[in-house]
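Peer 1: Input: one structure, supplied below.
The values are calculated or read from the model by the stated rules, or taken from the named source; none is laboratory data. Given the structure is predicted, the values throughout are model-derived calculations rather than measurements. Note that each Cβ is placed from the backbone with ideal geometry, even for glycine, and that neighbours are counted across all protein chains shown. Ligands, DNA and RNA are stripped out before the accessible areas are found, and what is left, the full protein with its side chains, is counted by its heavy atoms. Shrake-Rupley method; radii C 1.70, N 1.55, O 1.52, S 1.80 Å.
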Number of protein chains: 2
Amino acid sequence: MSHISCYAALSAKSLLSPYKIDRRKIGANDVEIAIDFCGVCHTDLHYIKNDWGITHYPVVPGHEIVGKVTSLGKEVKNLKIGQRVAAGYIGNSCQTCSSCRAGFEQYCLKGFSTIFNSPTKDLGGFAYGGYSKSIVVDDHYVLTVPNGLDPAGTAPLLCAGITTYSPLKNWGIKPGMTVGIIGLGGLGHMGVKLSHAMGAKTVMITTSINKAVDAIKLGADEVLISTDSGLMKAMANQFDFLLNTIPGPHDYNHYMGLLKVDGTMCIVGSIGPTAELNTEHLVYGRRRIAGSLVGGIKETQEMLYFCAKHQIIAEIEIIKMDEINQAYERMLKNDVKYRF
Amino acid sequence: MSHISCYAALSAKSLLSPYKIDRRKIGANDVEIAIDFCGVCHTDLHYIKNDWGITHYPVVPGHEIVGKVTSLGKEVKNLKIGQRVAAGYIGNSCQTCSSCRAGFEQYCLKGFSTIFNSPTKDLGGFAYGGYSKSIVVDDHYVLTVPNGLDPAGTAPLLCAGITTYSPLKNWGIKPGMTVGIIGLGGLGHMGVKLSHAMGAKTVMITTSINKAVDAIKLGADEVLISTDSGLMKAMANQFDFLLNTIPGPHDYNHYMGLLKVDGTMCIVGSIGPTAELNTEHLVYGRRRIAGSLVGGIKETQEMLYFCAKHQIIAEIEIIKMDEINQAYERMLKNDVKYRF
């Protein structure tokens, strides 16, 4: 973000850091990016609060990064100084395992490095993310931003966009299919736009009648209020695919009967223990529950071209960096349409 | 079973029946079968005890039926008197919905009729199953038994066989894949034989070291003791497919880390609420949990030909019909190798 200097998030400011905070030197394969915009994702807040017990303070989150190239390592051939580029959640991976070789770095068998909070071997510290003026990223993990995509609205595509694009692509969403997007937040609103652009009949599934108008504006063909048992029953066996973006534990079984035989519900929002599984919907209908995590570098680039072609960006509210704490508070109250 | 007359199971004998017990007349598309052997499945016991609240007493269970044709309706062209035939769990279905048209009557959108305990329209009562001397079945649901298959060992193929064959076939099991069969009972022992015959590296996954020798005899390439955390860790990310035959609620999450990226665990044994779902293994690895129910008529016939080709039958212990109550007691104690 051009407005502010490096931000050590929330309480981290008051912690003594045992780690060096020098930025790493630009190696032969590195790209230095001047950051123009960075999206604010719930994952950032999980790191700040150390919800997952893996945070190394001081932490600088931010993994939906759009900016311009300011410096290139000598081995980087495919980028130019001044070029509009982006970086997302994945900062590095082994590039030798079967997942990396297939272009799915998010499932790297040795574990990928996140763009922030991962060890930086050269300095012995931990990487800082996109809530900053600049960042240095290995060129394999730098995406090019196609012309015609608004840079601010593009930033959230690097996480919310690819997290929904990847499963929709993987499960072959296309015209003739019926797709349900469960939950209308940062992920859900991208899911609606992308599913619609892929040509599927797209149904917003939400508990809130208040979200119906917005959902239609975003591209939903229909809205299904999931608390209405009559509607839920009427829509049983109608969906080829459900993209479940609900961010916390919930009774996902409630939605399984909506799926056709062989249909899949893919969970992208809730990671960890959630409700008890009732296998009835799986067994009587050969239905599946799956999960999906962001997306690989190749498919992230593909997603950016797809979005350029279909003129898709995230719905955003632009804030200055010193408004981040209020932004987190509002995010927790779902008071944002749909991404900071 | 030729040894005994019609058996009204367990306590059903003492109940007054509001239903007619006449056998239906042989319609134009019906086949009358003299029953030689009938397998004993846990599902039969569920019906007898009314575990699922759907039993109509008096109930005559039995849905792994092998016998010979004794009478044919005038429209039945593909069968002959005296021919060795079989019938399984599915007694009828709509034949008009997308599932039936695709040959997956087990997922009939209007609900299929089980071969016993389903209403018989002509008589206004409920059908009786294979624990009997004879049965009348619509010809679409009658299978031919290939020459060279032992009839007694064939009977359990009609449920335990097809319940494991159908998912192995559906998920494309073939040489080069690694398949884990979880649980070594009636279903599991068929899963091992069939996966092995399909050419996959087949691993028996069991809590009991005592089952290792049997598993290898049945065709398993390896045995994984699932209570050994070191072994479980060593086998992480190794399996393309897991066939989970455990018959009751259990922590299926325990096995999910064994799957490769994009791997599937298919549940065929436990129907209903089971353990809490932890989505971590789904999200970090795009893994899937699925279910599967018996199999369609077309694939059941295909399975019988597959078994004839590979000389696969169930491991059985033959009992007389009046030993059924002891058989159920022993089944509950896992005291059968592997099917009565």
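Peer 1: Which one of A:Tyr328, A:Tyr338 is of a type in the set (Ser, Thr, Tyr), in contact (Cβ under 8 Å) with a residue 40 or more places away in the chain, outside the structural domain of A:Cys108 (by TED's automatic domain parsing) and in contact with a helix residue (DSSP H, G or I) (Cβ under 9 Å, 6 or more places away or on another chain)? Steps first, please.
Peer 2: Working: A:Tyr328 fails: outside the structural domain of A:Cys108 (by TED's automatic domain parsing).
Every option except A:Tyr338 fails the conditions.
Peer 1: Do the conditions hold for B:Val136, that is, is it assigned to a strand (DSSP E or B) and either assigned by TED's automatic domain parsing to the domain that holds B:Pro58 or within 18 Å of the chain's Cα centre (by Cα) (or both)? Quick ask: steps written out before the conclusion?
Peer 2: Working: assigned to a strand (DSSP E or B): yes; either assigned by TED's automatic domain parsing to the domain that holds B:Pro58 or within 18 Å of the chain's Cα centre (by Cα) (or both): yes.
Spelling it out, B:Val136 is indeed assigned to a strand (DSSP E or B) and either assigned by TED's automatic domain parsing to the domain that holds B:Pro58 or within 18 Å of the chain's Cα centre (by Cα) (or both).
Peer 1: Let me ask another. Out of the residues in the stretch B:3-48 that are basic (Lys, Arg) and more than 21 Å from B:Ile319 (Cα to Cα), which is modelled with the lowest pLDDT?
Peer 2: From the stretch B:3-48, those basic (Lys, Arg) are B:13, B:20, B:23-25; that's our starting set.
With more than 21 Å from B:Ile319 (Cα to Cα) added as a condition, the list becomes B:20, B:23-25.
Numbers: B:Lys20: 43, B:Arg23: 64, B:Arg24: 74, B:Lys25: 81.
The selected residue is B:Lys20.
Peer 1: While we're on this one: Testing B:Tyr328 on (1) surrounded by fewer than 18 Cβ atoms within 10 Å (Cβ to Cβ); (2) modelled with pLDDT under 90; (3) assigned to a helix (DSSP H, G or I); (4) under 17 Å from the mean Cα position of the chain (by Cα), one condition comes back false. Which one is that?
Peer 2: That leaves (1) as the condition not met.
Peer 1: Tally time: how many residues in the stretch B:279-301 are out of contact with any His (no Cβ under 8 Å at 6 or more places or on another chain) and free of Cβ contacts under 8 Å to residues at least 60 places away in the same chain?
Peer 2: Step one: of the stretch B:279-301, the residues out of contact with any His (no Cβ under 8 Å at 6 or more places or on another chain) are B:279-286, B:288-290, B:292-296, B:298-301.
From what is left, the residues that are free of Cβ contacts under 8 Å to residues at least 60 places away in the same chain are B:279-286, B:288-289.
Adding up the residues that qualify gives 10.
Peer 1: Count, please, the residues in the stretch B:303-325 that happen to be open to solvent by less than 30 Å² (accessible area, probe 1.4 Å) and more than 20 Å from B:Leu158 (Cα to Cα).
Peer 2: Residues meeting the conditions: 0.
Peer 1: Next question, about the same structure. May I ask you to list the residues in the stretch A:72-98 that are at pLDDT below 95 and over 24 Å from the mean Cα position of the chain (by Cα)?
Peer 2: Hits for the stretch A:72-98 are A:Lys77, A:Asn78.
Peer 1: May I ask you to list the residues in the stretch B:105-132 that are buried (at least 16 other Cβ atoms within 10 Å of the Cβ), out of contact with any Lys or Arg (no Cβ under 6 Å at 6 or more places or on another chain) and away from chain A (no Cβ under 14 Å)?
Peer 2: Restricting attention to the stretch B:105-132, the residues satisfying the condition of being buried (at least 16 other Cβ atoms within 10 Å of the Cβ) are B:105-109, B:112-118, B:120, B:125-132.
Now drop any that are not out of contact with any Lys or Arg (no Cβ under 6 Å at 6 or more places or on another chain), which leaves B:105-109, B:112-118, B:126-132.
Once the filter is applied, which keeps residues that are buried (at least 16 other Cβ atoms within 10 Å of the Cβ), out of contact with any Lys or Arg (no Cβ under 6 Å at 6 or more places or on another chain) and away from chain A (no Cβ under 14 Å), the stretch B:105-132 yields B:Ser113, B:Ile115, B:Phe116, B:Asn117, B:Ser118, B:Phe126, B:Ala127, B:Tyr128, B:Gly129, B:Gly130, B:Tyr131, B:Ser132.
Peer 1: Right, another one. May I ask you to list the residues in the stretch B:243-268 that are within 9 Å of another protein chain (Cβ to nearest Cβ) and more than 23 Å from the chain's Cα centre (by Cα)?
Peer 2: Within the stretch B:243-268, B:Asn253, B:Lys260, B:Val261, B:Asp262 meet the criteria.
Peer 1: Quick one: in the stretch B:70-104, which of the residues that are polar (S, T, N, Q) and not in a loop (DSSP other than H, G, I, E, B) is least open to solvent (accessible area, probe 1.4 Å)?
Peer 2: Looking at the filtered set, the residue picked out is B:Ser99.
Peer 1: Tally time: how many residues in the stretch B:225-247 are among the small types (Gly, Ala, Ser) and either touching a strand residue (DSSP E or B) at 6+ places or on another chain (Cβ under 8 Å) or assigned to a strand (DSSP E or B) (or both)?
Peer 2: Initial filter on the stretch B:225-247 (among the small types (Gly, Ala, Ser)): B:226, B:229-230, B:234, B:236.
Those still in the list that are either touching a strand residue (DSSP E or B) at 6+ places or on another chain (Cβ under 8 Å) or assigned to a strand (DSSP E or B) (or both) too: B:226.
Residues in the stretch B:225-247 being among the small types (Gly, Ala, Ser) and either touching a strand residue (DSSP E or B) at 6+ places or on another chain (Cβ under 8 Å) or assigned to a strand (DSSP E or B) (or both): 1 in total.
Peer 1: Is it fair to say A:Ala152 is more than 27 Å from B:Glu280 (Cα to Cα), surrounded by 22 or more Cβ atoms within 10 Å (Cβ to Cβ), hydrophobic (A, V, I, L, M, F, W, C) and away from chain B (no Cβ under 14 Å)? Before you say what the answer is, go through the steps one by one.
Peer 2: On the way: more than 27 Å from B:Glu280 (Cα to Cα): yes; surrounded by 22 or more Cβ atoms within 10 Å (Cβ to Cβ): no; hydrophobic (A, V, I, L, M, F, W, C): yes; away from chain B (no Cβ under 14 Å): yes.
So A:Ala152 does not fit the description; no.
Peer 1: Got a sec? Which of A:Ala215, A:Ala220 is assigned to a loop (DSSP other than H, G, I, E, B) and crowded, with 23+ Cβ neighbours inside 10 Å? It would help to see each step written out before you state the result.
Peer 2: Values: A:Ala215 fails: assigned to a loop (DSSP other than H, G, I, E, B).
None of the others qualify; the one that does is A:Ala220.
Peer 1: List the residue pairs whose Cβ atoms are under 6 Å apart, where the first residue sits in the stretch B:184-201 and is closer than 26 Å to B:Lys333 by Cα, the second is open to solvent by less than 30 Å² (accessible area, probe 1.4 Å) and charged (D, E, K, R), and the two are 6 or more positions apart or on different chains.
Peer 2: Matching pairs, first to second residue: B:Gly186/B:Arg339.
Peer 1: Given the criterion closer than 24 Å to A:His254 by Cα and either at pLDDT 95 or above or of a type outside the set (Val, Ile, Thr) (or both), identify the matching residue among A:Ile162, A:Ile209, A:Ile182.
Peer 2: On the way: A:Ile162 fails: closer than 24 Å to A:His254 by Cα; A:Ile209 fails: either at pLDDT 95 or above or of a type outside the set (Val, Ile, Thr) (or both).
Of the residues listed, the single one that is closer than 24 Å to A:His254 by Cα and either at pLDDT 95 or above or of a type outside the set (Val, Ile, Thr) (or both) is A:Ile182.
Peer 1: In the stretch A:231-256, what residues are among the hydrophobic types (A, V, I, L, M, F, W, C) and open to solvent by less than 40 Å² (accessible area, probe 1.4 Å)? Reasoning before the result, please.
Peer 2: Start the filter on the stretch A:231-256 by keeping residues that are among the hydrophobic types (A, V, I, L, M, F, W, C), which leaves A:231-232, A:234-236, A:239, A:241-243, A:246, A:256.
Selection gives A:Met232, A:Met235, A:Ala236, A:Phe239, A:Phe241, A:Leu242, A:Leu243, A:Ile246, A:Met256.
Peer 1: May I pose another question? Mind listing just one residue for me: the one in the stretch B:269-287 that is of a type in the set (Gly, Ala, Ser) and either part of a strand (DSSP E or B) or at the interface with chain A (Cβ under 7 Å from one of its Cβ atoms) (or both) and, of those, most open to solvent (accessible area, probe 1.4 Å)? Working first, answer last.
Peer 2: Residues of the stretch B:269-287 of a type in the set (Gly, Ala, Ser): B:269-270, B:272, B:275, B:285.
Remaining after also requiring either part of a strand (DSSP E or B) or at the interface with chain A (Cβ under 7 Å from one of its Cβ atoms) (or both): B:270, B:272, B:275, B:285.
Numbers: B:Ser270: 3, B:Gly272: 2, B:Ala275: 24, B:Gly285: 2 Å².
Ranking the candidates gives B:Ala275 first.
Peer 1: Output the residues belonging to the stretch B:160-205 that are closer than 17 Å to B:Lys337 by Cα, open to solvent by 10 Å² or more (accessible area, probe 1.4 Å) and out of contact with any strand residue (DSSP E or B) (no Cβ under 6 Å at 6 or more places or on another chain).
Peer 2: B:Gly183, B:Gly185, B:Leu187, B:Lys193
Peer 1: Right, something else. Return the residues of the stretch A:52-69 that are free of Cβ contacts under 8 Å to residues at least 24 places away in the same chain and open to solvent by less than 20 Å² (accessible area, probe 1.4 Å); say none if nothing qualifies. Walk me through how you get there before you give the answer.
Peer 2: Filtering the stretch A:52-69 for residues free of Cβ contacts under 8 Å to residues at least 24 places away in the same chain gives A:52-53.
The answer is none; no residue qualifies.
Peer 1: Of the conditions (1) surrounded by 19 or more Cβ atoms within 10 Å (Cβ to Cβ); (2) within 20 Å of A:His196 (Cβ to Cβ); (3) more than 10 Å from chain B (Cβ to nearest Cβ), A:Ile297 clears all except one; give me its number.
Peer 2: Among (1) surrounded by 19 or more Cβ atoms within 10 Å (Cβ to Cβ); (2) within 20 Å of A:His196 (Cβ to Cβ); (3) more than 10 Å from chain B (Cβ to nearest Cβ), the lone unmet condition for A:Ile297 is (2).
Peer 1: Among (1) under 26 Å from B:Lys174 (Cβ atoms); (2) within 14 Å of chain A (Cβ to nearest Cβ), there is one condition B:Lys217 misses while meeting the rest; what is its number?
Peer 2: Only one criterion is unmet by B:Lys217, namely (2).
Peer 1: Among (1) assigned to a helix (DSSP H, G or I); (2) surrounded by fewer than 21 Cβ atoms within 10 Å (Cβ to Cβ), which single condition is B:Asn334 missing?
Peer 2: If we test B:Asn334 against (1) assigned to a helix (DSSP H, G or I); (2) surrounded by fewer than 21 Cβ atoms within 10 Å (Cβ to Cβ), just (1) comes out false.
Peer 1: Kindly list the number of the only condition in (1) farther than 30 Å from B:Lys260 by Cβ; (2) of a type outside the set (A, V, I, L, M); (3) touching a residue at least 12 places away in the same chain (Cβ under 8 Å) that fails for A:Lys80.
Peer 2: Among (1) farther than 30 Å from B:Lys260 by Cβ; (2) of a type outside the set (A, V, I, L, M); (3) touching a residue at least 12 places away in the same chain (Cβ under 8 Å), A:Lys80 violates only (3).
Peer 1: Would you check which residues across the stretch A:257-268 are outside any strand (DSSP E or B) and either without any contact (Cβ under 8 Å) to a residue 12 or more places away in the chain or surrounded by fewer than 23 Cβ atoms within 10 Å (Cβ to Cβ) (or both) and list them?
Peer 2: A:Gly257
Peer 1: Taking the stretch B:303-325 as the region of interest, how many residues are without any contact (Cβ under 8 Å) to a residue 40 or more places away in the chain and part of a helix (DSSP H, G or I)?
Peer 2: 2
Peer 1: Now for a different question. In the list B:Ile297, B:Ile319, B:Ile267, which residue meets the criterion of being hydrophobic (A, V, I, L, M, F, W, C) and touching an Asp or Glu at 6+ places or on another chain (Cβ under 8 Å)? Talk me through it step by step, then tell me what you get.
Peer 2: Numbers: B:Ile319 fails: touching an Asp or Glu at 6+ places or on another chain (Cβ under 8 Å); B:Ile267 fails: touching an Asp or Glu at 6+ places or on another chain (Cβ under 8 Å).
Within the list B:Ile297, B:Ile319, B:Ile267, the selection yields B:Ile297.
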